[in-house]
Amino acid sequence: MSWRSSSQGVVLTAYHPSGGGGDAPGGRRSGQYTMNHDHSKKIPDGASFDRSGSQDSLDELSMDDYWKELENIHETRGNNHEEGVALVVKEPDEGELEEEWLKEAGLSNLFGESSGDSQESMVFLSTLTRTQKAAVEKRIETVTQTMRKKNKQHQIPDVRDIFRLQNDSKGKVCDGNEPSTVRTSENKNETQDGTKGLKFNLGTDEQKSLLEDMRSSDTDINLEIPFAEQAANLKDGSVGSMCKGGGGDTLLPNFRLPKDKTGTTKIGDLAPEDMKKVYSLALIELTALYDILGTEFKQQKAVKIKTKDSGLFGVPLSTLLEHDQKKVPGTKIPLIFQKLIAQIEETTLETEGLLRIPGVATRVKSLCQELEAKFYEGTFNWENVKQHDAASLLKLFIRELPQPLLTVEYLKAFQDVQNLPTRKQQLQALNLLVLLLPEANRDTLKVLLEFLQRVIDHREKNKMTLKNVAMVMAPNLFTFHGFGSKTIEQSEFVMAAGTANVMRFMIQYQKLLWTIPKFLVNQVRKQNTESQKKEKKDRAMKKLLKKMAYDREKHEKQEKTPNDTDVPQGVIRVQAPHLSKVSMAIQLTEELKAGDIVARFLSQKSGNIQTLNKEEVFLYEIGGNIGERCLDGDTYMKDLYQLNPNAEWVIKPKQS
């Protein structure tokens, strides 16, 4: 077996077995597990290193659980594989990383052969904040310089030309509706890497008030002002001791989301087309945040290798789901993953040491082989699976994925969250990273985190606190054998404590992490509005060319007249095709919520059979400046109507 450690984390690079099976060890004393090749150096009990405030909560803890879990992982690899093959992570060439970033952000038509057709990108750029624009500008500049060095025969845009229109529009910055505001002085107009950014000025009194409110509450998560703009403002002011330090489960900040009258948007609430826009914006916003905070943001890239196309363990998530959806249409989580969690919970979550105490290694290996052969046939006998074995199999499934659950692209970014200055910024970065995960990875991670929270809920009996669970699970999510070997003294312990801390954050704040920030939703609304304006102009031109404008307008007026007379001012028409009452005119009031409308429909009985209840149907906002959005029950309808007066309102079951 050989170990390698890297700046990305403690990683296994390859394993050559040294012999027999036997139970996975778990009783070695803290501090005796060594990570260097000559095994001559011990990690001391209670080791403490000077690092950012985000680490303080774990400095005084014994890392015993972490190292034991890592040792168990090594032992399991030895028993289950004759030889481990590392997934190669490609080191990008100069400019290649930025070029890939621009493609991921949906801005590939700003360079290359298609650079002339960049109207859509211009609409997109017009909705960006200044910090977001600065992040884009920085990457375009790097790509431009690289292309010129390589003498590529493409049209190479000048960054100043790309942003000229946006910079000429009176310094306006968009958070979706209104300018975001960030205050920096001219002599502080450079990032830590020396890259010049853009200047920021405070706007209206209302915007100044928003920033003052932002500073006044350390535990409120402001989703209306972009995170990078908040960071730039704090960088110019005094951060103080905001959400730094502390130890123990109870000392994590009690972060909360202030109520938004237009409704909280969760992942899964938006239409796929709008989610694509959210992805691009989240990537740019995360990069802007890391730029402002002086933390390097680099996406890794995995070289494609041949993977298993059948079985359970070591199979890509997408392949597993493709197979599972043939058996259970619509399933979003691998069936084996669901079953292992159900098996663990079937006994009791009060078992002491659950997740920490490993199953018997030889038995786990045997069960793994038997599952591969019998799971899909339905002949596997689950009565033979002990609870600790099922927990070991669950962790094995996560580790054996050909690419990490947190993905090769973003695993390092997840790890680097520990380096951000404040806990609030760490949480903001995690929120954006969750939005960037592929749907299958994100859905599987969500189910895992929910399960881990249920384990923690029984901590009085099972002795598995948030810290314990985080330390046990961190090696399973963050150790990956594809990264290279570059490290410094003591980095193993620093990374161990850091990734355990990130794991702790993901479990503790999982409900916040699956929220789409309002500023991103507003930017999507702005993009849709601008695109609709362009489409409207194009349609008008076609009408003129065909000399049909008058007839079409007349036809549209005739179609609109019944609705105009049927729905007076301050009233919306709500459709409910799946319910007994299929349509209703609703008078908007200051206190009317989406949940009230759903309840009103469900209270209307008729001869039809009422088969749906309040938990199964939701009110949707459709069209106008959004594709489709599922509303939470506490959405104030009058406020939302003012934000999107052209929307249609439909009650229907939420699509899985």
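Does any residue of the range 414-422 turn out to be open to solvent by 20 Å² or more (accessible area, probe 1.4 Å), out of contact with any strand residue (DSSP E or B) (no Cβ under 8 Å at 6 or more places or on another chain) and more than 15 Å from G268 (Cα to Cα)?
yes
Could you list, in sequence order, all residues of the range 224-241 that are modelled with pLDDT of 90 or more and outside any helix (DSSP H, G or I)?
E224, I225, P226
Results for (1) within 21 Å of H458 (Cβ to Cβ); (2) of a type in the set (A, V, I, L, M, F, W, C); (3) in contact (Cβ under 8 Å) with a residue 12 or more places away in the chain, shown as yes or no for each residue.
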position	(1), (2), (3)
E322	no, no, no
P329	no, no, no
E350	yes, no, yes
R363	no, no, yes
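If you check E91 against the conditions, is it farther than 20 Å from Q523 by Cα, modelled with pLDDT of 60 or more and surrounded by 19 or more Cβ atoms within 10 Å (Cβ to Cβ)?
In short, no.
Considering K208, K266, which residue is of a type in the set (K, R) and at pLDDT 90 or above?
When all the criteria are applied, what remains is K266.
Can we say D324 is in the same structural domain as P404 (by the TED database), part of a helix (DSSP H, G or I) and charged (D, E, K, R)?
So D324 passes the test.
Tell me yes or no: at least one residue of the range 558-581 is modelled with pLDDT of 60 or more and assigned to a helix (DSSP H, G or I).
No: zero hits.
Which pairs do you get when a residue that is among the aromatic types (F, W, Y), found in the range 274-293, comes within reach of a residue that is at pLDDT below 95, reach meaning Cβ atoms under 6 angstrom, with the pair 6+ apart or on two chains?
Y290/F297
I'd like the full set of residues that are open to solvent by 10 Å² or more (accessible area, probe 1.4 Å) and modelled with pLDDT of 90 or more, limited to the range 601-619.
Selection gives F618 alone.
Out of the range 279-334, which residues are open to solvent by 20 Å² or more (accessible area, probe 1.4 Å), closer than 24 Å to I267 by Cα and charged (D, E, K, R)?
Result: E322, K332.
Taking the range 281-317, which residues are closer than 16 Å to A440 by Cβ and within 18 Å of the chain's Cα centre (by Cα)?
Hit for the range 281-317 is L317, nothing else.
The values are calculated or read from the model by the stated rules, or taken from the named source; none is laboratory data. None of the values given here were measured: they were computed from a predicted structure. Note that each Cβ is placed from the backbone with ideal geometry, even for glycine, and that neighbours are counted across all protein chains shown. Note: accessible area is taken over every heavy atom of the protein model, side chains too, but ligands, DNA and RNA are not part of it. Shrake-Rupley method; radii C 1.70, N 1.55, O 1.52, S 1.80 Å.
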